[in-house]
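The values are calculated or read from the model by the stated rules, or taken from the named source; none is laboratory data. Treat the numbers as computed from the prediction; the structure is a model and nothing was measured. Cβ placement follows ideal geometry from the backbone for every residue including glycine, while neighbour counts extend to all protein chains displayed. The protein model used for the area step is the full one, side chains on, heavy atoms only, and it has no ligands, DNA or RNA in it. Shrake-Rupley method; radii C 1.70, N 1.55, O 1.52, S 1.80 Å.
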Amino acid sequence: MSINRVLKILFKDFSVGPRKSFFIWALIMPFALTLLFQVTFGSLFEPKPRVGIVDFGNSAVTTAVQELEGFEVSILDYTDELIEMVEQHDLDAGLILTAGFDEAVKAGEKPKLDFYISGESLASNRIIISVMAIEQIRELEEGDPPVDVQMVYFGEPGLPISIRLVPVIVFYALVMAGIWVPSSSLVEEKERGTLTAMMVTSARLNEILAAKWLLGFIFATFLAVVTLLLNRAFGPRPLEVIVVIIVAASLTSMIGLLVGLYSKTATMLFTLIKSLGMFLFIPVIFYIFPDWPQWIAKIFPLYWIISPIWEVSIMGEPLSSVWFELTIAIAITLILIPLLLLIRKRAMV
Amino acid sequence: MKSQISGSKLLLAILKKDLKVYSRNTIYLFLTIISLVFFVAIFWIVPDTVEEDITFAITPPLSELFSEGRDVLLAAGIPEQLLEQFDDLEAAFEEEGLMLVEFENEDQLKKAITQDLEVYKTEQGRFVIHDPDGEQKKPENSKRIRLDIGMSFPPTFFGDVVVGVRPTVTVFADAAVPDEIRGAMQGFIREMAYQLAGHELPVELPDEEMIILGQDRLGAQISTRTKMRPLIAFFILMMETFALASLISNEVLQRTVTALLVTPMRVWHFLTAKTIFGMALAMSQGLIVLIFVRAFTAENWPLLLLTIFLGSLLFTAVAMLVGAAGKDFIGQLMFSMLFIIPLMIPSFAVLFPGSVATWVRALPSYPIVNLLYEVTIHGATWADSYTSLLYAALWVLIIFAAGLFVLKRKVATL
């Protein structure tokens, strides 16, 4: 095998790649998913109570509410706007603080509270916002509460859904680049006859396959790294994360090569990726739903790469803690090589 | 001898050919069946209830807290008739949005928060505490409850606050419980103590009826499953874009359309046949899914049918635009995505609370999604829907005209 020829084929693939739709799609997908999951689904699964405030008197309550964790606070200029937003359920509740409100509370005048709740707001959100509003107004009285409340926490703080969705995005980066790109490139060469054309040159089939594998590997590594950076999920051990990604990209590119070799046409490739995709995707779901029995995920091959990525990048664990998973992933990659050699004749179909 | 072939016979012949090509295309047949089964299965898997309550636990049980509190106050010489405010406090624990579980002791409560003990709610509304390591079986016909937070009161809490002794309440919480729930529970305890200590609210609260704006959905929130109903119907309509676009693309790529034009078939026959075929394909699948997710009612079926019809037309038109590009399989798939992704946005907006952003309303698929949403979820009538119907029809007309124009031009230039 000539390294020089492998690199030449690889360079050709990279130079014509940006013109290919599958290449562009693989590049766009992780960015699009990051945007979709972080912005859209991040707020869909864990919506915070949304409060609107119209403050006519620079009340200390407004500042205090803005500083609270766990609320989405909107400061509005007009009462009508606030009422309309509450009515439309664009806000869960709205508070109108009249001029001199703080002074009236401090003087014990019991001013009337203009407070509105959306009819579509959840019962829990109604309680949370009402209690919060009363608490912040009580703060104006500047006295100690007649009870001491002590908090005791158990367990680890839960991870927000936006973080639990990172494995999904990394999975897509690895699959789109590692599986989709080399397999599509191979199938396209088969369909257009350029693979046969290459075979009449001095290039060997093994060299072409090595170049396709490298194409997927480099692309998958790059996209997985970019995805983790975009999601600020590189953790405290970036170098160790890169090692894990390299192992993951090796495996997905190997699967991509197998799929590309096996598929005679683009239609067949698409069907195969569709069906195989569901099978490969299953372990990722277990990171979104940590309450599910986690042993089931271990049955599926990509668990052995998704798990180390999760542990090292998100949980900040050292590489030594995932050596077993990485060994399994490398073993799967190596086991696929004889299979690749067995079906390599399909490249010439 | 030259025989006259009617336009309808020609259309029928093209439709038959398209149906044959479609049924031979295993990939789309496979995708169609998988999608139908997948979407219907997802619909029935998604929960049909909305968890509205903050689930919390207390120890000791309320009855013990009140009886101890009474004893302390009676011992302090406070007359019994002044203890009526205890009833108001008991009502506070039963407020809508709060689900209270009572524990005999703090150890049990802590174990329940750390999940070492499980809590089940029976159909009769009773709470059963179950030890997963014990020999006792899980209670039947009951649902497991996850406790957000637990409060351990000193038994003499009520009495102590009234007589001016500052008690300490320990709140146990899983670290994963959101800040706002923790804050609310702490506030709840403090407010209860303020009331007991005779500190009235520093503001005058308006009447409850006055402060609820819009339709009050307390206890009758729209579940995710119900919200999925219009979403699934829309997705199925959308999926057909790929199938029809591929059929048209193949005709353009393989130039079978030019071969057909040598026969008595005219371009308009081709375009009409594609329109009918695409619409029939999308509409039939949309209807199948809507039937399986039980979207049709005796009142809404004509309006829902019309909405599905408009949706089918819209995506048929999109398929014409995509198919006219005459790209290969993967190219056409990617090109379809460029149209499909923006058209998908309004369907996600349905899942979010609140009104939809103005730019989303401007998208061609918005009126269709809105109609599906309003008809299947809020039971919208013809009178409620005519604006959306007109808006949808306008978009369908624009995209359809564009689709026909582009495809006609493409066929003419082949």
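Before moving on, here are some points about what is shown:
- Cβ charges +1 (Lys, Arg) and -1 (Asp, Glu), total dipole of segment B:61-185, debye: 340
- Checking the cross-link pairs A:Lys48/B:Lys111; B:Lys16/B:Lys408; B:Lys9/B:Lys274; A:Lys274/B:Lys143; A:Lys48/A:Lys274 against a 25 Å limit on the alpha carbon distance flags A:Lys48/B:Lys111; A:Lys274/B:Lys143; A:Lys48/A:Lys274 as lying beyond it.
- Alpha-carbon geometry of segment A:59-216: the Rg and the Dmax are 30.4, 95 Å, given in that order.
- Note on chain A: Cα Rg divided by 2.2 N^0.38 Å, N the number of residues, gives 1.38.
- Farthest toward the positive end of the dipole of the protein assembly as shown, out of B:Val360, A:Ser263, B:Ser142, is the Cα of A:Ser263, where the dipole comes from beta carbon charges about the Cα centre.
- The contact residues of segment B:188-203, meaning those that lose at least 20 Å² of 1.4 Å-probe accessible area when all protein chains sit together rather than their chain alone, are B:Arg190, B:Glu191, B:Ala193, B:Tyr194, B:Glu200, B:Leu201, B:Pro202, B:Val203.
- Summed buried accessible area for B+A [probe radius 1.4 Å, Å², rounded to 100]: 6500
- For the protein assembly as shown, accessible area per residue (1.4 Å probe, heavy atoms of protein chains only), Å²: 47
- The per residue volume of the convex hull around the alpha-carbon atoms of the protein assembly as shown is 211 Å³.
- In the elastic network of chain A, a GNM with C-alpha springs shorter than 10 Å, the most mobile of A:Pro308, A:Pro146, A:Pro182 is A:Pro146.
- Under a model in which nothing but the beta-carbon of Lys, Arg (+1) and Asp, Glu (-1) is charged, chain A shows a dipole of about 3720 debye around its Cα centre.
- Leading residue at positive end of dipole, chain A (Cβ point charges), from A:Val131, A:Phe222, A:Gly100: A:Phe222
- The trypsin sites (Lys or Arg not before Pro) found in segment A:166-261 that occupy coil by DSSP, while having at most 16 further C-beta atoms within 10 Å, are A:Arg204, A:Arg232.
- Largest-first principal axis extents of the Cα set of segment B:224-340 (Å): 49, 31, 17
- Residues in segment A:230-271 occluded by at least 10 Å² - accessible area, probe radius 1.4 Å, against chain by itself: A:Ala266, A:Thr267, A:Phe270, A:Thr271
- Magnitude of the charge dipole for the protein assembly as shown, about its Cα centre and with charges confined to Cβ atoms of Lys, Arg (+1) and Asp, Glu (-1), is about 8700 debye.
- Ranked by how many other beta carbons lie within 10 Å on average, peptides B:171-178, A:165-172, B:62-69 from highest: A:165-172, B:171-178, B:62-69
- Highest mean packing first, where packing is the average number of other Cβ atoms within 10 Å per residue, the peptides B:356-366, B:283-293, B:336-346 line up as B:283-293, B:336-346, B:356-366.
- D_trans [Stokes-Einstein, Kirkwood Rh over alpha-carbon pairs] for segment A:168-231, 25 °C, 0.890 mPa s, µm² s⁻¹: 195
- Highest mean first, the peptides A:261-269, B:226-234 sorted by other C-beta atoms within 10 Å per residue fall in the order B:226-234, A:261-269.
- Working note: Karplus 6.51/-1.76/1.60 with θ = phi - 60° gives segment B:271-282 the couplings 5, 5, 4, 5, 4, 5, 5, x, 5, 4, 4, 5 Hz, where Gly and Pro are set to x.
- Portion, in percent, of the accessible area of the protein assembly as shown that falls on carbon or sulfur, probe 1.4 Å: 61
- Using the alpha carbons alone, the radius of gyration of segment B:144-291 stands to its Kirkwood radius in an Rg to Rh ratio of 1.42.
- Per principal axis, descending, Cα span of chain B in whole Å: 118, 53, 37
- Between helix B:7-24 and chain B there is an angle of about 60 degrees, using the helix long axis and the longest principal axis of the Cα atoms.
- Loop-located GluC sites (Glu not before Pro) in segment A:53-121, at most 14 other Cβ atoms within 10 Å (DSSP): A:Glu69, A:Glu109
- Other-chain or far-sequence residues with amide H under 5 Å of A:Ile53's (modelled H): A:Ser74, A:Ile75, A:Leu76, A:Leu95
- DSSP-assigned coil residues among chymotrypsin sites (Phe, Trp or Tyr not before Pro) in segment A:69-169, each with at most 10 further Cβ atoms within 10 Å: A:Tyr78
- If you run the Gaussian network model on chain A, springs between alpha carbon atoms under 10 Å, then out of A:Val322, A:Val181, A:Val241 the most flexible one is A:Val322.
- Unit charges at the beta carbon, dipole of segment B:93-143: most positive-side option, B:Tyr120, B:Gln108, B:Gly97: B:Tyr120
- Mean partner shielding of peptide A:130-143, defined as the number of other chain Cβ atoms within 10 Å of each residue Cβ, is 4.
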